[in-house]
Amino acid sequence: MTDTQAATRKIRLWDLPLRLFHWSLLLLVVGAVVSAEIADEVSGAMDWHPRFGYAILTLLLFRLIWGFVGGTHARFSNFVRGPAAVAGYLRLFRTHRAPSIGHNPLGALSVVALLTSLLLQAVSGLFLNVEDFGIEGPLFKHVSNAVADVFWEIHEINPGVLIALVALHVAAILFYRIVKREDLVTPMLTGNKRVPEGHAESEAQGGSVIRGAVVLALAALAVWFIANKV
């Protein structure tokens, strides 16, 4: 055992349902983007765009619920902080190696911004009518054309915001890896993180797969109801 290994210990950080959410959301967003980009060239590609949208909305509803009933570091109460906490973290960040067990206050802002932008994109799609492809959102019939036009503008403009947030998220990961020498990706793959011996952080609790499956089923049922019964 090396000195580095002896000076650290491994803790459970991210629960499996959260990790599956994270990587599944990434794949679905890529699918949604690609299906829209190639719609004019590939027949039937646009048919997949709302399907990806429904799946993304399902995952986002799951994440909102999981933020209250998930594992320790998945809960909003664990990482969403006010301006004072963000300012304190920035002071610590400048003078020391700021700890980042779970989402730090800056990371929390990024998570909230990404979830908000994705939710805005998915929800706005429910109110659209894309006549060129024969696609009508399930909520289009419940709003006026003027309101539908507002949602269309949001659906067209918001991807630029989302791309900027994703780029910032990736840049932060690279910064921590290269400058801070801290790997943020591996824990999101394995669920575990190595922390210094004597660190006060304990194993994350909760976040069972069974509970995650129940929450996902409820989220899927809600989206199915919106898509077919509203």
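Read-outs throughout are calculated quantities, based only on the coordinates presented, and are distinct from any laboratory measurement. From a predicted model like this one, the values you see are computed outputs, not experimental measurements. Don't worry about glycine lacking a Cβ; one is built from the backbone with ideal geometry, like all the others, and counts go over all protein chains shown.
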Angle check, please: helix 105-125 long axis (alpha carbons) against the longest principal axis of the chain (alpha carbons), in degrees 0 to 90, nearest 10. 10 degrees
Between the helical axis of 145-178 and the dominant principal axis of the chain, each derived from Cα atoms, what acute angle in degrees is found, rounded to the nearest 10? 20 degrees
Count the lysine pairs in the chain that are 8 or more places apart or on different chains: how many have C-alpha atoms under 23 angstrom apart? 4
What is the fewest-to-most order of 51, 81 by other Cβ atoms lying within 10 Å of their Cβ? 51, 81
Which value in Å does the Kirkwood hydrodynamic radius of the range 1-62 take, with 1/r averaged over all unlike C-alpha pairs and then inverted? 14.2 Å
Relative contact order %, the chain, counting alpha carbon pairs below 8 Å whose residues are six or more apart: 35 percent
Residues 178, 101, 56, 157 in order from fewest to most other beta-carbon atoms within 10 Å are 178, 157, 101, 56
Quick one, can you get me the convex hull of the C-alpha atoms of the chain expressed as volume per residue in Å³? 155 Å³
Rounded to the nearest 500 deg cm²/dmol, what is the calculated helix-only ellipticity per residue at 222 nm for the chain, with -39500 (n - 2.57) per DSSP H run of length n ≥ 4? -21500 deg cm²/dmol
